[in-house]
1. Show me the helices (runs of 4 or more DSSP H) found entirely inside the range 49-162 where at least 3 residues are within 29 Å of residue 176 (Cα to Cα), hydrophobic (A, V, I, L, M, F, W, C) and open to solvent by 50 Å² or more (accessible area, probe 1.4 Å).
2. Scan the range 307-323 for residues that are modelled with pLDDT under 85 and open to solvent by 40 Å² or more (accessible area, probe 1.4 Å) and report the count.
3. Of all residues in the range 81-129 being free of Cβ contacts under 8 Å to residues at least 24 places away in the same chain and under 31 Å from the mean Cα position of the chain (by Cα), which is farthest from residue 32 (Cα to Cα)?
4. Let me spell it out: the conditions are (1) at pLDDT 90 or above; (2) on the phi > 0 side of the Ramachandran plot, and residue 396 meets all of them except one. Which number is the exception?
5. Considering (1) buried (at least 19 other Cβ atoms within 10 Å of the Cβ); (2) touching a residue at least 60 places away in the same chain (Cβ under 8 Å); (3) within 20 Å of residue 425 (Cβ to Cβ), say which one residue 327 fails and leave the rest.
6. Which of the numbered conditions does residue 65 fail, given that it passes all the others? Conditions: (1) more than 30 Å from residue 21 (Cβ to Cβ); (2) among the hydrophobic types (A, V, I, L, M, F, W, C); (3) at pLDDT 95 or above.
7. How many residues are of a type in the set (A, V, I, L, M) and either surrounded by fewer than 16 Cβ atoms within 10 Å (Cβ to Cβ) or without any contact (Cβ under 8 Å) to a residue 12 or more places away in the chain (or both) when one looks only at the range 227-267?
8. Restricting to the range 183-212, name every residue that is part of a loop (DSSP other than H, G, I, E, B) and either of a type in the set (Phe, Trp, Tyr) or farther than 15 Å from residue 155 by Cβ (or both).
Amino acid sequence: MTDAFQQPQPVESGILRLLEPHGIGRLRTFPMGSVLYWQGDPVEHIIVVRHGAIKVSTLSRDGEIQTYGIVGAGRLLGANDYLLGSAHDSIAETLVDSELLLIPPDKFEAALAQDPLLSAAVMRELARVAHSMADRMRDLSFLDVQQRLKRSLVRLAREHGLTTPQGIRINLKITHEEIGALVSANRTTITACLNELKRQGYLWTEGRRLVIIPPEHMAIMDQLSQSVIDGDEEEAIRLARRALQVGVDPFKALDALTRGMRQVDRSYTRGEIELPDIVLAAFAMKNTLPIIEDEVRQQQQESGVVGTVAIGTVHGDIHDIGKTIVAMLLRSRGFRVIDLGMNVSTDDFVAAVRRLEPDILALSALTSITALEIGKVIQGLVDAGLRDCIKVIAGGGAVTETLARRVQADGYHATAGGALELAWRLCTW
């Protein structure tokens, strides 16, 4: 994390510092919710934010408000409109209690004429605002809502973030509607996107504040997912090592890998890619997993064995990525895991249960045809008189909760993390 994410403090440098010798303007404190000016109002003051957060919005002809920025300490309001000889083209409202320096426009212009350093600082600020607006236009043109949301959250963290040991807390009580206005999306869409980002480990909430992971971590996780999608094994391995080097949670790195693989599966289902693309993606993911698994093992707390899980992919199925991920997660939580491999027959599953006496048998199937093998394995346990001695859980791309209930499995979950929690409940409750 960099200094850009330390808690915002009253700014005494930059434009404010350069204005101080001129002795112009007066400091005023405005409570949260104060409208500083309306769109179309004449420019009565040039405003410099000393401390606080100001929402800047425009009102369209059809009455819709579009928010295009939340400016913080050190920022300038009204200067561009005044220098162009126009009225305010936006609405400015305080999101928090804010301390502002109000400068009469004529005195501000005189100070610019007298002080080259101040003039240069103001030009840089106006250029920064123009660059930020251009960035936002590119975002709206080329990025989807989820991508725009992540970029907006990073901008908010840079302006209004407080670094904590866990992440960067955005010190604004900002609503989903206000976030939606920043990225041109409705509240329902923003809520869904925020929930998805929470699920992926990019952010969480503390009260009404959003907390995001460091932007560097966010970028690495995105690139890690993309490397799997591209089937770039070398890049995936490099990024996994980089992620762990900068402190990315290994489980979040794992989520990034699996997210990329799920995207590959969806693209193949839609006919957008060919079978060789899936093979390359699978190799990239499979050969990157040991790097993350080593880190998980190093972090594992020695707290005794929770239980023993025998895990395998059913007969006819040679897919093992999902099984490998579940096995890794189980080990990280203190389970003893016996990996029976791929394409395991019913007889071999039954023999393993009899010989090894595990607490749980975990069965994986990726295709609809091989999913039927799960029922055969459970029936094999019944015929061998072993069914009452073991809990059976099922998962994989082709397995559903309905199928799991029909074959009388003891549990099912669609995700690796859910399978871990299911195994934990079965062994500890």
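1. In the range 49-162, 116-142 are the helices (runs of 4 or more DSSP H) which contain 3 or more residues that are within 29 Å of residue 176 (Cα to Cα), hydrophobic (A, V, I, L, M, F, W, C) and open to solvent by 50 Å² or more (accessible area, probe 1.4 Å).
2. 3
3. 127
4. Exception for residue 396: condition (1).
5. That leaves (2) as the condition not met.
6. Failed condition: (3).
7. 1
8. Within the range 183-212, 185, 186, 201, 202, 207, 208 qualify.
The values are calculated or read from the model by the stated rules, or taken from the named source; none is laboratory data. This is a predicted model, so every value here is computed, not measured. For neighbour counting, all protein chains shown are included, and Cβ atoms are generated from backbone atoms with ideal geometry for every residue, glycine included. In case anyone asks, the SASA skips ligands and DNA or RNA and just uses the protein heavy atoms, side chains included. Shrake-Rupley method; radii C 1.70, N 1.55, O 1.52, S 1.80 Å.
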